[in-house]
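Single-structure report; data block below.
The values are calculated or read from the model by the stated rules, or taken from the named source; none is laboratory data. Since the model is a prediction, treat every value here as computed from it, not as a measurement. Cβ coordinates were reconstructed from backbone atoms using ideal geometry, including for glycine residues, and neighbour counts include every protein chain displayed.
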Amino acid sequence: MKIGIDRMAFATTNEYIDLRELAKVRGVDPNKYTIGIGQDQQAVVPPTQDIVTLGAAAARKLMTKQVGDHLSTIIVATESGVDNSKASAINIKELLGLNDYVRAVELKEACYAGTAGIQFARGLVALHPQETVLVIATDIARYGLQTAGEVTQGAGAVAMLISATPHILAIEPTSVNLTKDVMDFWRPLYATEAMVDGKYSTNVYVDFFKQVFTRYQMMTGRQFNDFAGLIFHLPFTKMGKKALEGALGDRHDQVATRLRTALTASQLYCRQVGNVYTGSLYLALLSFLQNRQVNAGDRLGLFSYGSGAEGEFYTGIVQPHFLDHTNDVQAMLQKRHQVSITEYEDMFNHQLGMDEQDVEFDLSNDHAPFVLAGQKNHQRI
Ligand code: CAA
């Protein structure tokens, strides 16, 4: 039985900043951001958006009556959850107006949890092939104003339907997982901004990729030439480049060129949005599928990484007419509007955060399908 990704959609905020402007204000050479780190623009989050509104906006694009009728489970993967107890999957289920007879949970392991959601969904579909699982990877990457990580922030959600009729990617059975207890990135319960040992996290990521890919090669006998593309979790685009170059070394043959070209296609959306944590690998997959000549039957390798740390390498086979089952991300990004650095800083400072007070947001500037109206009696509205 084939099981895999049937449909995919991405949502982000309507506002973004140009990182060359941020560089100017921060007194940094813009080439550091655009070339050294490999980011051009960054999604900006108004106080009226959070992981629930973004997740619901992405999932809404996939929902039809037929999908709703076969939906058994909603899995939300996030590391920027809005409640320590209640699953945001329940909020999203309500916003989408879905049938009450579904299971709804939230998963956490840094940026890796979206992949965990997909693998768990595969198991559920294998048991009940008529059913569909909705996996939503939704996050806001927030490091803080004037920090080294600021240029690698971002926000967005990727929603995916996992079914036994995968129209995008049929997932193959072999995968390799690696888990090690490392402190490269974390966010204590009292913090609204992530803490990160940036250079260490890059080294751990590159090393994890080498380990899982080498083990995969030993288990399957497959080599680089078996792949039309390797798709990476992209906290910032340079990171995928480091992992690929670390593995390819000084190879410059046809296969190496193909993989480097594939990487460039997979980086285009991350360059414009920034880090979307759990959704980042899947935004890279969308970017690759929509910007590279891909053929049905092509094999793709996916490297998922979550700090802390968990890595997984798995593969899938591209299905015919896959593009008809995705939303056009570039067209969506072109409709966003640019805000100034001052406006970005103001929005950053007005996020709900840890504040216990009641608050009512001005909704007149937010035309997204779902909005966070405020907080009352410790409940988000
Ligand atoms: N022109 C071109 N390139 C330049 C330049 C210039 N003028 N100035 C600097 N650069 C280059 C540097 O040479 C460097 O390149 P290499 O990495 O290839 O050597 C690059 O720009 C960055 O420069 P620095 O190392 O000086 O940058 P920094 O100290 O400001 O830190 C960072 C950069 C480590 C990425 C920092 O932004 C950061 O900490 N970001 C967050 C960390 C992160 O995203 N980690 C990812 C793993 S965590 C994750 O994936 C999330 C999860 O699971 C939860």
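Before moving on, here are some points about what is shown:
- Only one of 238, 210 that is at pLDDT 95 or above, within 11 Å of the ligand (Cβ to nearest atom), surrounded by fewer than 19 Cβ atoms within 10 Å (Cβ to Cβ) and not in a strand (DSSP E or B): 238
- Positions within the range 281-301 being touching a Gly at 6+ places or on another chain (Cβ under 8 Å) and either more than 18 Å from residue 157 (Cα to Cα) or small (Gly, Ala, Ser) (or both), in sequence order: 284, 292, 294, 298, 299, 300, 301
- Condition met for residue 297 (free of Cβ contacts under 8 Å to residues at least 40 places away in the same chain and more than 16 Å from the ligand (Cβ to nearest atom)): yes
- Of the set (1) of a type in the set (Ser, Thr, Tyr); (2) touching a strand residue (DSSP E or B) at 6+ places or on another chain (Cβ under 7 Å); (3) under 19 Å from residue 10 (Cα atoms), all apply to residue 269 but (2).
- Subset of the range 320-344 that is of a type outside the set (A, V, I, L, M, F, W, C) and buried (at least 17 other Cβ atoms within 10 Å of the Cβ) - its residue that is farthest from residue 23 (Cα to Cα): 325
- Residue 115 within 15 Å of the ligand (Cβ to nearest atom) and in a helix (DSSP H, G or I): yes
- All positions within the range 19-56 that are free of Cβ contacts under 8 Å to residues at least 12 places away in the same chain and on the phi > 0 side of the Ramachandran plot: 27
- Residues located in the range 133-164, provided they are polar (S, T, N, Q) and either surrounded by fewer than 18 Cβ atoms within 10 Å (Cβ to Cβ) or closer than 21 Å to residue 12 by Cβ (or both): 138, 146, 147, 152, 153
- Residue count, the range 310-350 (criterion: farther than 29 Å from residue 166 by Cα and more than 19 Å from the chain's Cα centre (by Cα)): 15
- Answer residue from the range 97-112, given it is of a type outside the set (Ser, Thr, Tyr) and more than 16 Å from the ligand (Cβ to nearest atom) and is modelled with the lowest pLDDT among those: 99
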